[in-house]
Amino acid sequence: MTEIKAYVRVNRIDQIVHMLKRAGIPHMSMIHVWAVGSAIDPTESKISIELASRVTDVVKIEIVCPETLTEEVISIIEREGRTGRPGDGIIYVSSVDAAVKVRTGERGASALT
């Protein structure tokens, strides 16, 4: 199993989620976050009083999927998230050793459905 964490522009999330669901990825988590960094698009940034820094709104997508779907998920996020401007985001990929569905006790890939 693979965990994919992607940080993408807020205005690209609808299309990304639509295409992921179309590809058979039924479950994902999304969190609205602020990004701080050198790759922020200056046209979409604002000053955060709390952080005393330039920030931009992004969405963090978290997906755990079978390894057979990893490249397809990455490809969808990359293709649908790209605008060609700084701050389009980043994708991280990690291995997942175990998954347990709390309700049923299912383990491994069957816990993902």
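The values are calculated or read from the model by the stated rules, or taken from the named source; none is laboratory data. Fair warning: this is a prediction, and the values are worked out from it, not measured in the lab. We place every Cβ from the backbone using ideal geometry, glycine too, and count neighbours over all the protein chains shown.
For region 83-113, filtered to residues that are among the β-branched types (V, I, T) and under 21 Å from K21 (Cβ atoms), the residue that is surrounded by the fewest Cβ atoms within 10 Å (Cβ to Cβ) is T113.
Taken over region 70-94, the criterion of being of a type outside the set (K, R) and farther than 17 Å from S29 by Cα is satisfied by E71, E72, S75, E78, E80, T83, G84, P86, G87, D88. Restricted to strands (runs of 3 or more DSSP E) entirely inside region 14-113, those with at least 2 residues that are at pLDDT 95 or above and small (G, A, S) are 89-95.
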